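All remarks here apply to the structure that follows.
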Amino acid sequence: MAQRGGDRNRRGGDERRRQYARTIGTDGGPSSVSRRRFVEAAGAAGIVAGLGGCITSNGGGGGAQEGEIDVGEVPDEPITLQWAASEQEAGQSDKIVSALHEAGMPENIDINFLSGGNVTSDRQNQYEQWLAADREKPDLLRMDNGWTIPFIVRDRILNLERVLSDETVDRVKNNYFEMSVQTAMDPQENTLHAIPLWMGLPTMQYRKDLVEQAGYDPDGQNWATESMSWQRFSEITADVMQQQGMNYGYTFQADVYAGLSCCDFNEFMSGWGGAYFGGVENLFGPIGDRPVTINEPPVHDSIRMVRTFIHGSNAPNTLNQYAGNIAPVSVLNWTEQSSMRPFSNGETIMHRNWPYSINVNGAPDAFGENLGVMPIPYAVSADEAEYAGTGGPVAALGGWHVAINPNTQNMAAAVAAVEAATKDSFNFALFEILGQIPPKPDLLDTQRARDVPVMGRYMDALQVAGQNAIARPVTVVWPDQSRQVAQAVNSAYAGDVAPEQAMADLEQTMEQIEESA
C-alpha cells in the first residue's frame, strides 16, 4: 500500500538531507535545457493511403478493448460529425474544417463543433455523463490532458490502435512531445487512446521595456533560452519594481483550485527538486504502490520561497536569501484571468501564464514587442535534484487531445478526421488560427512557426518549456488528491499553517486516498 511504498522509497538518512541543504543557498546560474530531450523526430509521414477507402489497423488493445476493428469505408453521402469542442473552436469552425480537408479528411465529411464551457472540470463531468449513458454523440471529444487517463482506464474512449494505421500510431508515439503523448495512453497497456491537438506551455512573461530601462539586457543575457534561478529572478523583480514604482512585481495563480495543484505549485515544487510521488515514472501510478514524497525538504522550501515573495523575508517560514514582497497577497485568490488583469493593465513586471496570455499581451495594440517571454525559473538544477524530471526550468504541462466516442455510428468518418488531425499542416493551421502550440517539437523550430503573428516571436522560450514539461500525476484518484493539495498549499502560502505541518498532513491524506482506491 501507499504507506509501505512511501517508507520504502522516501528520502532517507542524514547525508542526503545534508546534500540537499548544500544546494539551496546557491544561485546556480543559467540552466542547460538539454536534460529533457525533444522526442526524436523521424520526419512527417503520410497518413494511411486513401482516406476515403478502407481504414484498418493491426491494432493493439488496452483494458477491455482488444483486437482490430475494421471500420469499413467512409460512405459517399454527406456526413456531419459532432465534435465536442470549445467556444474558440466553434467560432473558427469553417477554417478548422477547411484545414482538416486540406490535411486529407474526405470532402463529404463536415463537422459541427459543439461549443462547451471553458471550465475544464465541467467538461469532464459532462463527458462522464454522456459516455456512461453510451450516447452515440458527440462522435469526437476534445479532452484535457489532465483527465484523459481516467477515461482510458475505465474504457470510456476508443483504443485508437484498433482503428488507426500503424504508421499513424508510430508517428504520434515517436514525433510528438513525449510527456503529452504519455497523458493520452493507457499507462498499463502502453496503447494510444487520444491524439494530442496542442500543448499548453506556461512561461514567465515580462515587461521587456521596463526591464531594459532598469539596466538589464534580456537579449544579451539570453533570457529566452537560459532560465534564471528563482533567487536572481526575485532580485531583478524587486529592483525593477523599485526603479519603476510599480504596484506589483510578480503575479501568478494560487487560489484554491485545480490550477494550483496541477500547475503553479507543481512548478514551484518541481523546480526545487520536489515531487508528488518521486520521479516522473510514478506520475500515472501504480496507485497504492508508489511513494508519497510531498513531505520533504525541497517541497517545504518551495513553500517558504513563495511565502517570501508574498509576505517578505521577515515573516515566519520564509527564506532570507530571496527578495520579498514582490507578489501581492491577492495571488492567493487569483486564477489565470484575474492574475493577468494587473499585468495587462501595466501594473506589474513579471507574470506566469499560458500561451493565450502571450497572444493577448503581445498584440500590437497591447505591449507588442515590449512583451518578453522566458522559461519558468528554477531553484536547483536537474543534476542537483534527486528525482527524475525535476530541477531546472520545469513547466507544468497543459493542452488538449481529441478522442473518439466508442459508441459513434460514424466510425470510419471519425477515424478519417482523427487521421487528418495528425498531419503537420493541420497542426500549423491550429497554431495560425487559434494560437495553440503544435504538439510536435520539430514544428516549433520552423520558419512557418516563427512567422505566426505574435506567438512566432517566442518560439525559443516555448521550445524550452516543451523540453521541460512535466505532467500532473493523473490517475483516477487525482481529482480527490488535487483538491486536498490546493487547500493545503493555499493555507501554507497564506501562513495559516507551517510548511512542514501542512505537508505532513497532506502526505497522510494522499496516502489514505491511495490506499482506498
| request: Would you kindly identify the helices (runs of 4 or more DSSP H) lying entirely within the stretch 288-381 that contain at least 3 residues that are surrounded by fewer than 17 Cβ atoms within 10 Å (Cβ to Cβ)? | output: 336-344
| Single residue of A421, A412, A379, A366 found to be within 18 Å of E89 (Cβ to Cβ) and either in contact with a strand residue (DSSP E or B) (Cβ under 8 Å, 6 or more places away or on another chain) or without any contact (Cβ under 8 Å) to a residue 24 or more places away in the chain (or both) | A421
| said: Exactly one condition in (1) farther than 20 Å from L81 by Cα; (2) open to solvent by 10 Å² or more (accessible area, probe 1.4 Å); (3) not in a loop (DSSP other than H, G, I, E, B) is false for I152; which is it? | reply: (2)
| remark: Over the stretch 228-278, the set of residues of a type in the set (S, T, N, Q), modelled with pLDDT of 95 or more and over 18 Å from the mean Cα position of the chain (by Cα) is S229, Q231, S234, T237, Q242, Q243, Q244, T251
| If we keep just the residues of the stretch 68-90 that are under 24 Å from the mean Cα position of the chain (by Cα) and not aliphatic (A, V, I, L, M), which is farthest from K423 (Cα to Cα)? | E87
| field | the stretch 275-318: number of residues that are free of Cβ contacts under 8 Å to residues at least 40 places away in the same chain and under 19 Å from V380 (Cβ atoms) | value | 1
| request: Being small (G, A, S), in a loop (DSSP other than H, G, I, E, B), closer than 24 Å to V373 by Cα and open to solvent by less than 10 Å² (accessible area, probe 1.4 Å) narrows it down to one of S270, S234, S261, S227, so name that one. | output: S227
| said: Show me the helices (runs of 4 or more DSSP H) found entirely inside the stretch 434-479 where at least 2 residues are closer than 20 Å to D219 by Cβ and open to solvent by less than 10 Å² (accessible area, probe 1.4 Å). | reply: 459-467
| task | Give the stretch 72-120 a look and list any residue that's of a type outside the set (A, V, I, L, M), assigned to a helix (DSSP H, G or I) and either modelled with pLDDT under 95 or open to solvent by less than 10 Å² (accessible area, probe 1.4 Å) (or both), or say none. | result | E87, Q88, E89, G91, T120
| note | Scanning the stretch 162-183 for residues that are open to solvent by less than 20 Å² (accessible area, probe 1.4 Å) and more than 18 Å from Q467 (Cα to Cα) gives V163, L164, S165, T168, V169, R171
| task | For the stretch 425-457, enumerate the residues that are in contact (Cβ under 8 Å) with a residue 24 or more places away in the chain and more than 24 Å from G91 (Cβ to Cβ). | result | K440, P441, D442, R457
| task | Scan the stretch 121-136 and give yes if some residue there is closer than 22 Å to A396 by Cβ and outside any helix (DSSP H, G or I), otherwise no. | result | no
| message | Every residue in the stretch 484-517 that is without any contact (Cβ under 8 Å) to a residue 12 or more places away in the chain and under 18 Å from V331 (Cα atoms), please. | response | S491, D496, V497
| said: Condition first: open to solvent by 10 Å² or more (accessible area, probe 1.4 Å) and small (G, A, S). Now tell me which residues in the stretch 483-501 satisfy that. | reply: A488, S491, A494, G495, A498
| field | Close pairs (8 angstrom Cβ cut-off, 6 or more residues apart or separate chains): more than 16 Å from C263 (Cβ to Cβ) in the stretch 338-360, polar (S, T, N, Q) and open to solvent by 10 Å² or more (accessible area, probe 1.4 Å) anywhere | value | P342/N247; E347/N247; T348/N247; I349/Q244; V360/S344
| field | Close pairs (9 angstrom Cβ cut-off, 6 or more residues apart or separate chains): free of Cβ contacts under 8 Å to residues at least 60 places away in the same chain in the stretch 241-266, surrounded by fewer than 22 Cβ atoms within 10 Å (Cβ to Cβ) and outside any helix (DSSP H, G or I) anywhere | value | Q242/A214; Q243/A214; Q243/G215
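The values are calculated or read from the model by the stated rules, or taken from the named source; none is laboratory data. These numbers were taken from a predicted model, which means no experiment stands behind them. Quick reminder, even Gly has a Cβ in these numbers, built from the backbone with ideal geometry, and neighbours come from all protein chains shown. Each accessible area value is taken on the protein alone, full model and side chains, heavy atoms only, with ligands, DNA and RNA left out. Shrake-Rupley method; radii C 1.70, N 1.55, O 1.52, S 1.80 Å.
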